[in-house]
Amino acid sequence: MTTNGGPFGPFSPTGDPEVDEVLKTLNAQSADFEEAGRLLSETVGRGEAEEGRVVVEVRPNGSLTALRIDPRAMRLGSEALAEAILRAAGAAEADAAERAESLMLPLFGEPGTPGPGLYVPPPGTGDPDDSGRRGPGR
C-alpha cells in the first residue's frame, strides 16, 4: 500500500479530532511498515568460512543470493568444502536474521514489550478485552 503525501494518507478528515488523530497515526505507521518492507526486501546476510575462501549471501527468508568459492578452497576436498559451505550459509542466515530484526525492532520493540510504532487504542475504546496490549496476537 502506498500512502499519499497528506497526513491522513488515503483517508479523509472526519471532523472528529480523536478519529482524525487515529487516522494520522495509522497513516504514519503504514508508511513506516512500507519502508521497513522495502528495506527488508533489500537485506542480505553474509557468512564466511575457511578464512574467507567460502562466502555465502542469503536473504532473510533463507534464499541464496550468492556463493563464492575461492579456487584455493577447492583443495579442501568435497566433504570439507561442503561443510565449509554449510558453515558459511549458517553464518549468513544468522547475519540476515540479525539485520532483519534491527529493521523491525523500531516497529515492534523488544520481544515481550510493546513496540513504539504500534497504535494502541485507549482502554475502553476498541480493545475487546480492555487490556491495552499491543502487537500481533495481542
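Quick note: the coordinates plus some simple rules give every number you see, no bench work behind them. This one's a predicted model, so the numbers in the text were calculated from it and none came from an experiment. A quick note on method: Cβ atoms are made from the backbone with ideal geometry, for glycine too, and the neighbour counts reach across all protein chains shown.
Directionally averaged projected area (the range 42-104, Cα convex hull): 4.0 nm². Working ranking of peptides 56-69, 14-27 by packing, defined as the average number of other Cβ atoms within 10 Å per residue, highest first, is 56-69, 14-27. Counting Lys and Arg as +1 and Asp and Glu as -1 over every other residue whose Cβ lies under 15 Å from the Cβ of V54, the net charge comes to -3.
Counted by neighbouring Cβ atoms within 10 Å, the residues F33, F108 run from fewest to most as F33, F108. Extension gain for M74 to S12 (0.36 nm times residue separation, less C-alpha to C-alpha distance): 16.0 nm.
Placing +1 on the Cβ of every Lys and Arg and -1 on the Cβ of every Asp and Glu, with nothing else charged, gives the range 10-107 a dipole about its Cα centre of roughly 660 debye.
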